[in-house]
1. Taking 7 Å along the Cα-to-C-beta vector as the label spot, tell me the residue 60-residue 124 distance in nanometres, rounded to one decimal.
2. Determine the relative contact order of the stretch 6-139: mean sequence separation of Cα pairs under 8 Å and six or more apart, normalised by residue count, in whole percent.
3. Between residue 87 and residue 31, what is the FRET efficiency for a Förster distance of 30 Å, r being their Cβ-Cβ separation, to the nearest 0.05?
4. List residues of the stretch 89-113, by number, whose backbone nitrogen lies under 14 Å from a label position 7 Å along Cα→C-beta of residue 133.
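Derivation of every value follows stated rules applied to the coordinates shown; laboratory data play no part. As the structure is a computational prediction, the values presented were derived from the model and not from experiment. When we count neighbours, we look across all protein chains shown, and the Cβ atoms used for this are built from the backbone with ideal geometry, even at glycine.
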């Protein structure tokens, strides 16, 4: 049985720490760019509230946010090339987030009586971790696994 020498063990440990750090930085980029995307989508939501009900305003701003999110996450967060096959699959991540968000939006506005303008911000806190994991899985898969 071959044992790992002290130097090799340190290298493996450092490599693990570097990988952990890289994952945290990836998550930090996801949060930063997600916040930027959210500001844009929230601005769209607020403008649409002047003309539409909160459910329609939320839906339209949400769909716009998906397109912005795919581009930002692929290019700036995960450093992946844009691919049509993954772009077409990407909305599935946000379908899950949307359905969860819509249920939470209803609960916050209709049951908890929170303002229509604040409720979407609270939803973000619940959905960000799940969205990161699903996005990472979809975008970072090996190329052969479309």
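1. Rounded to a tenth, the inter-label distance reads 2.1 nm.
2. 24 percent
3. In this case the efficiency is close to 0.85.
4. Flagged as within label range: 97.
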